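Each remark here refers to the structure printed beneath this line.
The values are calculated or read from the model by the stated rules, or taken from the named source; none is laboratory data. Keep in mind it's a predicted model, so treat the numbers as computed, not measured. All Cβ positions, even for glycine, are placed from backbone atoms using ideal geometry, and neighbour counts span all protein chains on display. Areas reflect the complete protein model, heavy atoms only, side chains present, ligands, DNA and RNA absent. Shrake-Rupley method; radii C 1.70, N 1.55, O 1.52, S 1.80 Å.
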Amino acid sequence: MQQMIYLLRHGETEYNTQGRYQGQLDSPLTELGREQVQQNARMLKTFIDHAHDWKIISSPLGRAVESTEILCETIGYNYNKVEFDRRLTEVAVGQWAGLKMSDIQQMWPDLLTNTDAFNWYFHAPDGESYEAVVSRLSSWLKEIQHHPKVIVVSHGLTGRILRGIYAGLHKEDALKLEVSQDVFFKLANQEVTRICSNFEDIY
């Protein structure tokens, strides 16, 4: 049995526009964010034929739930059949949740020493480790392996790591993957395909 997974990120949120790191906090989608989800959902609809042949699984965080509601409405899927799984939530950034980078640099300058633009999240006080995220996502992937058709709604950093696990990438490469909100990804045969309105890339 060949499994196919479509992975979507929630749309833009108010916190995204303010440059605040959400982690497992929440803020509502912006108007642009709702449009992004609708656009991705319309594109997805052209790939999946009958929506109810698919299992939809979402992060239970509000911004993902709101995105899932839009997705279901757009592709004609019964929202009551959506499953929610905490293993798909965004990486927890502990005491940095809700803050801007300028706040973090001011309050915890030492914790950012020797970090880069891709791994600094994992230095947050009370935050989640990369290994912990890999563990929960690997557990989830193993659990769903017998479902042939899965649509997932998750988050930026979590989605990066999930694609990295799937494609067998090293941590450094996984954390550099894109987190755009106007594309989504197909995971099949251990390959990840980027899907947007213009082109597809496989890695």
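Give the residue that is most open to solvent (accessible area, probe 1.4 Å), with candidates limited to residues of the range 111-134 that are of a type in the set (D, E) and either in contact (Cβ under 8 Å) with a residue 12 or more places away in the chain or closer than 15 Å to T89 by Cβ (or both).
D126
Identify, by number, the condition in (1) under 24 Å from V183 (Cβ atoms); (2) of a type outside the set (A, V, I, L, M); (3) modelled with pLDDT under 95 that G62 doesn't meet.
Every listed condition holds for G62 apart from (3).
Filter the range 44-63 down to residues that are under 18 Å from the mean Cα position of the chain (by Cα) and either of a type in the set (D, E, K, R) or surrounded by fewer than 17 Cβ atoms within 10 Å (Cβ to Cβ) (or both), then give me how many there are.
Qualifying residue count, the range 44-63: 4.
Looking at L137, is it open to solvent by less than 30 Å² (accessible area, probe 1.4 Å) and either closer than 29 Å to R194 by Cα or assigned to a helix (DSSP H, G or I) (or both)?
Taking the combined requirement at face value, the residue satisfies it.
Would you please name the residue that is modelled with the lowest pLDDT, looking only at residues in the range 151-175 that are within 14 Å of the chain's Cα centre (by Cα) and not in a helix (DSSP H, G or I)?
Going through the qualifying residues, I end up with L175.
State all residues of the range 64-101 that are touching a Pro at 6+ places or on another chain (Cβ under 8 Å), open to solvent by 50 Å² or more (accessible area, probe 1.4 Å) and either farther than 27 Å from V133 by Cα or aromatic (F, W, Y) (or both); if no residue qualifies, say none.
Once the filter is applied, which keeps residues that are touching a Pro at 6+ places or on another chain (Cβ under 8 Å), open to solvent by 50 Å² or more (accessible area, probe 1.4 Å) and either farther than 27 Å from V133 by Cα or aromatic (F, W, Y) (or both), the range 64-101 yields only F84.
Which count do you get for residues in the range 1-21 that are of a type outside the set (A, V, I, L, M, F, W, C), touching a Ser or Thr at 6+ places or on another chain (Cβ under 9 Å) and crowded, with 20+ Cβ neighbours inside 10 Å?
Qualifying residue count, the range 1-21: 7.
Quick one: what pairs do we get from the range 155-170, first residue among the hydrophobic types (A, V, I, L, M, F, W, C), second part of a helix (DSSP H, G or I) and open to solvent by less than 20 Å² (accessible area, probe 1.4 Å), C-beta under 7 Å, 6+ apart or different chains?
I161/V133; I161/L137; I161/A174; L162/L137; I165/L137
Only one of F122, F184 is in contact with a helix residue (DSSP H, G or I) (Cβ under 6 Å, 6 or more places away or on another chain) and either among the acidic types (D, E) or under 18 Å from S59 (Cβ atoms) (or both). Can you tell me which?
Criteria check complete, one pass: F184.
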